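The values are calculated or read from the model by the stated rules, or taken from the named source; none is laboratory data. A quick note: this is a predicted structure, and the numbers were derived from the prediction, not measured. All Cβ positions, even for glycine, are placed from backbone atoms using ideal geometry, and neighbour counts span all protein chains on display.
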Amino acid sequence: MNTRHAVIGLASLVLGVSGSWAAMGVANVQGTAPGSTISGTVKFEDTAGGLKVSAQLTGVPAGPHAFHIHEFGSCDDMGKAAGSHYNPLKSPHGEVLKVGIHHAHAGDLGNITAGADGTAALEAVIPGVTLSGGKYDVAGRAVILHEKVDDFSQPAGNAGGRIGCGPIVLVGAPAPAAPAK
Ligand SMILES: [Cu+2]
Ligand SMILES: [Zn+2]
């Protein structure tokens, strides 16, 4: 009886969750230069407070690097095909996490800092931005890691070349865990 109820409960929980699962977004970041050691993953998730961005990178030269969402989902031509910073409201370049999308480009995440071991992580929430289906969404755009620090000067933070890039793609419900090997 208890077991059966537990099974039914689990089934309805799974159905309920799968029916309402918001999509996730993922960008697989790769170095733009041949032989680059840069790689990593950036996850995107809609939350009540805005778009949650969680980045984990490796192989990054130590120090701070500008980190932005650019407007197009292509990494061709050393990342130049990703276009400019995502900026739906024609705002100046800035620090969106501090001043919001009306006062900074929606894609202006600022800097991500790599340690001596080349790992870099960032977690942030961009208010007013969504993954997909909203007015200001990022699916189909790209994450860009720059050569230099974002100094927040106009028009784009003086951040130099594009050393890492990853198109933001939608993924469905989280895949089941891989079988143990
Ligand atoms: Cu950029
Ligand atoms: Zn910008």
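Observations
- Being closer than 18 Å to Lys90 by Cα and at pLDDT 95 or above is a property that Asp151 lacks.
- Qualifying residues in the stretch 95-118 (those that are within 13 Å of ligand 1 (Cβ to nearest atom) and hydrophobic (A, V, I, L, M, F, W, C)) - the one surrounded by the most Cβ atoms within 10 Å (Cβ to Cβ): Val96
- Residue within the stretch 156-163 that is surrounded by 15 or more Cβ atoms within 10 Å (Cβ to Cβ), within 16 Å of ligand 2 (Cβ to nearest atom) and among the β-branched types (Val, Ile, Thr) present: no
- Candidates in the stretch 40-81 are the residues that are farther than 21 Å from Ala139 by Cβ and more than 13 Å from ligand 1 (Cβ to nearest atom); of these, the one that is surrounded by the fewest Cβ atoms within 10 Å (Cβ to Cβ) is Asp77.
- The set of residues in the stretch 119-158 that are of a type in the set (Gly, Ala, Ser), closer than 16 Å to Val96 by Cα and within 16 Å of ligand 1 (Cβ to nearest atom) comprises Ala124, Ser153, Ala156, Gly157.
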